[in-house]
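Read-outs throughout are calculated quantities, based only on the coordinates presented, and are distinct from any laboratory measurement. Being a predicted model, the structure only gives us computed values, none of them experimental. Backbone-built Cβ (ideal geometry, glycine too); neighbour counts: all protein chains shown.
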């Protein structure tokens, strides 16, 4: 299927196969697209990836014209998206603290992980339930602070429990959903919520 056909087909049917063709057409047209834009603007690669995927989807849904104009429109939108990310980054750095937890193996976990443990006593079970309640409240607050696409991705992911299933439901890619969900951690304000360790239990199962 030609890219023009893939664009038209996705506009009419929201076919995941058509979108994947468009997605790889853009990504293959410039090697290391995420790394090049993130390094050029000194941005987080996850933020850049999420923005690029959003721009591809947005341009695809409303574009009319030939392939070259489509590609130019996407990369023009990506350039402007990077400028917006730089501005948002400056604001976040002045107002917020990103919270990540690194374990003994060097694996990073976001503070918004859904945590599951096996309680050993009634007191442990009560504490864990309170922590889970706090976690749910915190997640709901953080989601309320992001854009509608990110909030929808997060709520769908939490509901379905899978990046791939959430992506299918939303008509996008699992990479896009994962990038959006991970970006929510940047909304955490330690001055307001205190240490993120207060929301963690001793044993976790990562949803990432």
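Below is a table of values for the structure above.
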item	result
Packing-based exposure ordering (other Cβ within 10 Å, fewest first) of 61, 43, 160	61, 160, 43
For 82, 15, order by how many other beta-carbon atoms lie within 10 Å, fewest first	15, 82
Residue order, fewest to most beta carbons within 10 Å, for 27, 91, 10	91, 27, 10
